[in-house]
Amino acid sequence: VAGEKEQLRRSWDANAEAWCSAVRDDLIESRRTVTNAAIIAAVLEEKPGRVLDIGCGEGWLARRLSAAGATVTGFDASAPLIEAANRAGGGSFLALTYDDVAANPRSLGGPFDTMVANFSLLDDRAGDLLRSLRTVLAAEGRLIVQTTHPLAVAGEAYVDGWRTETFAGFPGEWPEAMPWYFRTVSSWWRLLLEAGFTVISLREPMYESRPMPASLLLLAG
Ligand SMILES: C[S@@+](CC[C@H](N)C(=O)[O-])C[C@H]1O[C@@H](n2cnc3c(N)ncnc32)[C@H](O)[C@@H]1O
């Protein structure tokens, strides 16, 4: 299983270029039409203050939140994505893996009022990361997680486990497939509880064009 987590992390170096253009040229329909606005609204409703962007990628969310007045620190394992984030600005961006941060959460600075993970809790050990991040969360701080909607992506088997994303449905050239860990709705809930959080609310942002959710969005404290 360590192999899958490692391949997952590495795929974001290989796919960094394709990812940057998918995000920056707004090529992903679910993001363009639903989930970008959903995560921004969920964070801004919490009066974000000092924000930690967990697995920030090329930094689009940090840029949007800092434009709205937040002070954003982002971290991500992918050196090319962190480079792209730093070039574009809008926050302090650190090249750190989830294991680095779990071992030493204070390397991020903090405390943080709001922590946000937008489609970035992708491995089976996310609980270790979240438990350590609680130590740099302000009193009354919030964690907001957006993820693919388990029912929408389950396919044949609604059970936790490793899957593979080939990005075949995405525009551009994606050199490496990405292993990722599927969780049911109740497993997402339990992940947060076991990391010491209380789930405050759960949203299912919907497509306007069809009666299906584009994501699952959890707010925890
Ligand atoms: C789908 S992208 C989302 C990026 C960004 N949050 C966004 O909304 O555009 C997932 C991100 O998680 C990061 N990631 C995955 N595993 C990681 C790990 N073990 N440590 C740090 N970052 C990781 C990847 O590098 C990638 O940038």
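Would it be correct to say that residue 163 is away from the ligand (no atom under 14 Å from the Cβ) and closer than 30 Å to residue 105 by Cα?
no
For residue 177, all conditions in the list (1) modelled with pLDDT under 95; (2) under 21 Å from residue 22 (Cα atoms) hold save one; what is the number of the exception?
All conditions pass for residue 177, except number (1).
Considering only strands (runs of 3 or more DSSP E) fully contained in region 116-221, which possess at least 2 residues that are over 18 Å from the mean Cα position of the chain (by Cα), at negative phi and exposed (fewer than 15 other Cβ atoms within 10 Å of the Cβ)?
137-147
Looking at region 98-114, I want the residues that are basic (Lys, Arg) and have a partner that is surrounded by 15 or more Cβ atoms within 10 Å (Cβ to Cβ) with Cβ atoms under 7 Å, at least 6 apart or on another chain. Which pairs are those?
106/136
Name the residue, out of 92, 78, 107, that is in contact with a strand residue (DSSP E or B) (Cβ under 8 Å, 6 or more places away or on another chain) and within 18 Å of residue 15 (Cα to Cα). Talk me through it step by step, then tell me what you get.
On the way: 92 fails: within 18 Å of residue 15 (Cα to Cα); 107 fails: within 18 Å of residue 15 (Cα to Cα).
Going through 92, 78, 107 in turn, the sole match is 78.
Could you check, for region 107-114, whether at least one of its residues is among the β-branched types (Val, Ile, Thr), crowded, with 22+ Cβ neighbours inside 10 Å, within 11 Å of the ligand (Cβ to nearest atom) and closer than 26 Å to residue 67 by Cα? Reasoning before the result, please.
Our first condition is that a residue be among the β-branched types (Val, Ile, Thr); within region 107-114, this holds for 114.
From the residues that got through so far, the ones that are crowded, with 22+ Cβ neighbours inside 10 Å too are 114.
Then drop every residue that is not within 11 Å of the ligand (Cβ to nearest atom), which leaves none.
Checked region 107-114: no residue is among the β-branched types (Val, Ile, Thr), crowded, with 22+ Cβ neighbours inside 10 Å, within 11 Å of the ligand (Cβ to nearest atom) and closer than 26 Å to residue 67 by Cα.
The values are calculated or read from the model by the stated rules, or taken from the named source; none is laboratory data. It should be emphasised that the depicted structure is a prediction, and the values quoted were computed from it without experimental measurement. Because the Cβ atoms are built from the backbone with ideal geometry, glycine has one as well, and the counts that use them run over all protein chains shown.
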